[in-house]
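S.K.: Structure incoming, see below.
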Amino acid sequence: MLLILPPSESKRDGGTVRPLDLAALSFAELTPARAHLVDAAVALASDVEATMRALKLGPRQAAEVERNRALWSAPTMPAIDRYTGVLFDALDAASLDARARRFAASHLAVHSAMFGLVGALDRIPAYRLSHDSRLPGIRLKHVWSECLGEVLAARPGLIVDLRSEGYTELGPAPVRSGSVYVRVVSVDDGGRRRALNHFNKHAKGRFTRAYLEQRPRLRSVDGLLEWARGAGFRLDLGSDRLGAPLELELVA
């Protein structure tokens, strides 16, 4: 099973003095697109004002420009350690044991706007680029949609997509048996369901941590539902729309 997370706007500084090596990242088919975007972001960062306009940065976010300028030389760290924020705080990757982290290396990916899909332990620098960013002459959807879609379609086994809708548009998961999109909802006393925001991210982080700690070998949606119940999560069948992956609802 491959579990796919969205990234976070906020990222931890630092890492080890081991610069970005695109050839060492998972999903090697994405290397040309990655190189194209990194080069474009570095070139744009030579103009501070243009970068801040393109990335919609405020006056207090000027340091983000320097992050992009240094992409090829900056320290790197594993993706699950680089990202911060509600989801990744709930995941708390730093406290996972060695077995959980090894499992994450082959069963967990994060969808970055800059690097596409990266493995949980792939080493990346801090950067600034969002799913709706526009580099000069580049639309991220055009860069990622086809190649990322092909990578996911070629991935065997169960795919569980926890990304936000903005990121699914950059590279849709395949529509097939064993490919599911998870939406986080709450249920009120009257049984009405509504999507969540803050608690959406927290629930996804908890769900991911439980998966990495328990390391179930899941091969089907039924197996996923059964494991979730045993792990203390309410995961219900959601909509089954023609031309879209089956949806599951994680009740928080």
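S.K.: Of the peptides 66-79, 115-128, 174-187, how do they stack up when ordered by the mean number of other Cβ atoms within 10 Å, highest first?
M.R.: Working: 66-79: 18.9, 115-128: 23.6, 174-187: 17.3.
Output ranking for 66-79, 115-128, 174-187: 115-128, 66-79, 174-187.
S.K.: In Å², what does the accessible area per residue of region 73-164 work out to with a 1.4 Å probe? List each step's numbers first, then the result.
M.R.: On the way: 3200 Å² over 92 residues.
Accessible area per residue: 35 Å².
S.K.: Quick one: what does P(r) look like for region 166-212 with 10 Å bins over all Cα pairs, in whole %?
M.R.: With 10 Å bins starting at 0, P(r) equals 20, 39, 36, 4.
S.K.: Using a cut-off of 16 Å between alpha-carbon atoms, which lysines can reach residue 11, once sequence neighbours fewer than 8 places away in the same chain are excluded?
M.R.: Hits, sequence-local ones excluded: 201.
S.K.: Between residue 139 and residue 241, what length in nm is gained on full extension when 0.36 nm per residue of separation is reduced by their alpha carbon distance?
M.R.: 34.0 nm
S.K.: Report the Rg/Rh value for region 1-71, based on alpha-carbon coordinates and the Kirkwood definition of Rh.
M.R.: For region 1-71, the value is 1.00.
S.K.: Can you give me the long-range amide H partners of residue 112? Hydrogens built in the peptide plane at 1.01 Å from N, cutoff under 5 Å, separation of 5 or more residues or another chain.
M.R.: Sorted by chain and number, the residues that satisfy this are 117, 118.
S.K.: Moving to a separate point now. May I ask for the distance between the Cα centers of region 20-69 and region 145-221, given as a whole number of Å?
M.R.: 27 Å
S.K.: Probe of 1.4 angstrom, ligands and nucleic acids ignored: what's the accessible area per residue over region 15-67, in square angstrom?
M.R.: Details: 3030 Å² over 53 residues.
Ligands and nucleic acids excluded, the result is 57 Å² per residue.
S.K.: Then there is this: Eigenvalues of the Cα gyration tensor times 5, then square-rooted: what semi-axes does that give for region 195-237, in whole angstrom, largest first?
M.R.: 19, 13, 8
S.K.: Separate question: Can you send over the carbon and sulfur percentage of the accessible area for the chain, probe radius 1.4 Å, protein chains only?
M.R.: On the way: 5990 of 11840 Å².
After summing per-atom areas, the C and S share lands at 51 percent.
S.K.: Moving to a separate point now. Taking each pair of different alpha-carbon atoms in region 1-119 once, compute 1/r for the pair, average those values, and report the inverse of that mean as the Kirkwood hydrodynamic radius in Å to one decimal.
M.R.: 15.4 Å
S.K.: Ordered by residue, what ³J(HN,Hα) values in Hz, to whole numbers, does region 133-143 give under the Karplus form 6.51 cos²θ - 1.76 cosθ + 1.60, where θ = phi - 60° and Gly and Pro are x?
M.R.: With the stated coefficients, region 133-143 comes to 6, 10, 7, x, x, 10, 10, 4, 4, 5, 5 Hz.
S.K.: Okay, moving on. Can you compute the radius of gyration and Dmax for region 102-159, using only the Cα atoms, both in Å?
M.R.: Cα-based Rg and Dmax for region 102-159 come out at 12.8, 39 Å.
S.K.: Accessible area per residue for region 199-252 in Å², computed with a 1.4 Å probe and the full protein assembly in place, what is it? List each step's numbers first, then the result.
M.R.: Numbers: 2990 Å² over 54 residues.
Here the residues of region 199-252 average 55 Å² of exposed surface.
S.K.: Label residue 187 and residue 47 with points 7 Å out from Cα along Cα→Cβ: what is the distance between them in nm?
M.R.: 5.4 nm
S.K.: Could I ask something else about it? If R₀ is 35 angstrom, what is the calculated FRET efficiency for the pair residue 217 and residue 194, using the beta carbon separation as r and rounding to 0.05?
M.R.: So, using R0 = 35 Å, E works out to roughly 0.55.
S.K.: Regarding region 99-209, what whole-number volume in Å³ per residue does the convex hull of its Cα atoms give?
M.R.: On the way: hull volume 15.5 nm³, N = 111.
Normalising the Cα hull of region 99-209 by residue number yields 140 Å³.
S.K.: Can you show me the helix-derived [θ] at 222 nm for the chain, built from DSSP H runs with n ≥ 4 at -39,500 (n - 2.57) apiece and divided by the number of residues, rounded to the nearest 500. Before the final figure, lay out each step's value.
M.R.: On the way: 10 runs with 94 residues, N = 252.
The per-residue figure over the chain is -10500 deg cm²/dmol.
S.K.: Separate question: For a quick size check, give me the Cα extents of region 51-157 along its three principal axes, largest first, whole Å.
M.R.: 42, 32, 27
The values are calculated or read from the model by the stated rules, or taken from the named source; none is laboratory data. These numbers come from a predicted model, not from an experiment. We place every Cβ from the backbone using ideal geometry, glycine too, and count neighbours over all the protein chains shown. In case anyone asks, the SASA skips ligands and DNA or RNA and just uses the protein heavy atoms, side chains included. Shrake-Rupley method; radii C 1.70, N 1.55, O 1.52, S 1.80 Å.
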